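In what follows, a structure is listed as structure tokens, so that the remarks can point back to it.
Derivation of every value follows stated rules applied to the coordinates shown; laboratory data play no part. Bear in mind the structure is a predicted one, so any value in this text is a computation, not a measurement. Counting neighbours? That spans all protein chains shown, and the Cβs are built from the backbone with ideal geometry, glycine included.
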Amino acid sequence: MFSTQTYITRRNKLRSQITNGLIIIPGNGEAACNYKSNAYRFRQDSTFSYFFGIDEPNLMGIIDIDENLEYLVGENIEIDDIIWMGAQPSMLEKAASVGIPNALKHNNLKDFFGEALQKNRKIHFTSQYRPENTIMLSTLLEMSCNDVNANISVELTKAIVNLRSVKEIAEIAEIEQMIDVAWIMHTTAMKIARAGTSERKIAGIIEGIALSHGKGVSFPTILTMNGETLHNHYRGNILKNGKLMLTDAGAESELLYASDITRTVPVGGKFNSQQKDIYNIVLQANTKAIEILSPQLSYLEVHLEAAKVITNGLKDLGLMKGNIDDAVREGAHALFFPHGIGHQLGLDVHDMEALGEDYVGYSDTITRSSQFGLAYLRFARKPMEGYVLTNEPGIYFIPALIDLWTSQNKFSEFINYNKLEAYKTFGGIRIEDDLLVTAKGCRLMGKPIPKTVEEIEVTMA
Ligand code: GLY
Ligand code: MN
Ligand code: MN
């Protein structure tokens, strides 16, 4: 954990942003995999971890703004638990470790919230993504499960987003350590990406590296010759010469901070000329975003500039045509780049997505577009100094999408469909880095991972 004072300071900052009432922040419980005592790896809720630090199941934090009180809710363990889990600190000791003087038991909560409801006190909670926590809130707050996420506190949600978005120095260090683990994962994958090796084997080896340095992977590794499927979790192929291997993988620290890095490399170690041409366009888009990202520019504008670089490059190759600004404004480039340039990164890979993506990435002045491709942009507003963002442009040749748009003759003024046949088995290329926003720009975080054609070929040689 961070220091006790870190959690006290974070909760004090939260309290200063909430006018009145009670705040409930549920931690996570164990999630059964195929039966109750065979659970998935325990993952604490990120917001609970941010304010209460303790990486254990079945806890909840309560902050009483009006009475200036804080509680950690959970059970003292019994002898049966000690037999299976070993001795544990008491609830009061656990609470004290994060600066809280009071502990409550779960079975006190019905009375606690019953009284608060009777007094009509404001009760703040955020959107829930685990059914157990939805049921728990529905019981305590006497509302149907369906009403829980319809009654979230926007005031609390916005306050948490404000706090978690600006990373503290210690949080930046955690993320950078996990990028350094990703450096080992990605350079290892590059060195063993030979024809005849299975995707599964390489994914297993690099997930092992993540496990040996922290909690494990920060999300299920994407490692595939079919990088055109954006979140491809199939690992059943044997690598073949002439194909690309896209690896989107990161590590999670013991304190739950994530890295999120993508590299795309040629099986066997040498890009062919078609691959090199497309690769260098994606690299130019990635470099452009690093050049222009700053608190002065919205990430929407960064996304659109990267899209223009991609459109320009594809036009030079003869795959697109016409006016570049018009093509990007209308969304023609989304045939090749159908997702957003990036998202915030922190305790979650898509940081704070559980709180509601629009609260995290949009504002009163920048609202989400409904245009195909742009609608997937997770973060669009202006970042502030201390934000961590991924920068992940890509070019993909998705046969089903190419066929659909061809049949619709969609954007035929911008796309040379007759040239696309030669790319239908190409796959996809994404290049993803993690960037820290500074006062006037940004900096690449962590140890630089081979990224140019030359750096990758040298690493793979
Ligand atoms: N690793 C998933 C993503 O880049 O969004
Ligand atoms: Mn990402
Ligand atoms: Mn990624």
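Over the Cα atoms of the stretch 237-291, each weighted equally, I'd like the Debye log10 I(q)/I(0) at q = 0.19, 0.24 Å⁻¹, rounded to two decimals. For the stretch 237-291 at q = 0.19, 0.24 Å⁻¹, log10 I(q)/I(0) is -0.80, -0.98.
List the GluC sites (Glu not before Pro) within the stretch 45-143 that fall in a DSSP loop (any state other than H, G, I, E or B) and whose Cβ has at most 16 other Cβ atoms within 10 Å. Hits after loop and neighbour filter: GLU67, GLU75, GLU78, GLU142.
Applying 1/(1 + (r/R0)^6) with r as the Cβ-Cβ distance of GLU142 and TYR234 and R0 = 41 angstrom yields a FRET efficiency of 0.35. Under 19 Å from a label point set 7 Å out along the Cα-to-Cβ vector of GLU301, the amide N atoms of the stretch 359-380 belong to 361-369, 377-380. Principal-axis analysis of the Cα atoms of the chain puts helix 273-292 at an angle of about 50° to the longest axis. Computed from the Kirkwood radius of its Cα pairs, the Stokes-Einstein diffusion coefficient for the stretch 150-301 at 20 °C and 1.002 mPa s stands at 124 µm²/s. With R₀ fixed at 45 Å, the C-beta to C-beta distance from ALA173 to GLU30 puts the FRET efficiency at about 0.95. Over all orientations, the stretch 52-171 has a Cα convex hull whose mean projected area works out to 9.1 square nanometres.
Need one number: % antiparallel among DSSP beta bridges in the chain, to the nearest 5.
90
Over the stretch 57-125, what is the percentage of antiparallel beta bridges among all DSSP beta bridges, to the nearest 5? Rounded to the nearest five, the antiparallel share is 60 percent. Rg then Dmax, both in Å and based on the Cα atoms of the stretch 185-265: 12.1, 40. Expressed in units of 2.2 N^0.38 Å, where N is the residue count, the Cα radius of gyration of the stretch 50-116 is 1.18.
Once Rh is set to the Kirkwood radius over Cα pairs, what Stokes-Einstein translational diffusion coefficient, in µm²/s, holds for the chain at a temperature of 20 °C and a viscosity of 1.002 mPa s?
90
Annotation: for a label point projected 7 angstrom from Cα along Cα→Cβ of MET85, residues of the stretch 1-32 with backbone N closer than 12 Å are 29-30. Lysine pair count for the stretch 1-139 with Cα-Cα distance under 29 Å and sequence separation of 8 or more or different chains is 15.
A Förster radius of 51 Å combined with the Cβ-Cβ distance from SER407 to ARG200 puts the calculated FRET efficiency at roughly 0.90.
Which pairs, out of LYS270/LYS321; LYS382/LYS440; LYS315/LYS440; LYS288/LYS382; LYS191/LYS240, put more than 21 Å between their alpha-carbon atoms? Checking Cα-Cα distances, LYS270/LYS321; LYS315/LYS440 exceed 21 Å. Each peptide among 28-36, 162-170 gets the average number of other Cβ atoms lying within 10 Å of its residues, and from highest to lowest they stand as 162-170, 28-36.
For the stretch 302-461, taking the reciprocal of the average inverse distance between every pair of different Cα atoms yields a Kirkwood hydrodynamic radius of 17.2 Å.
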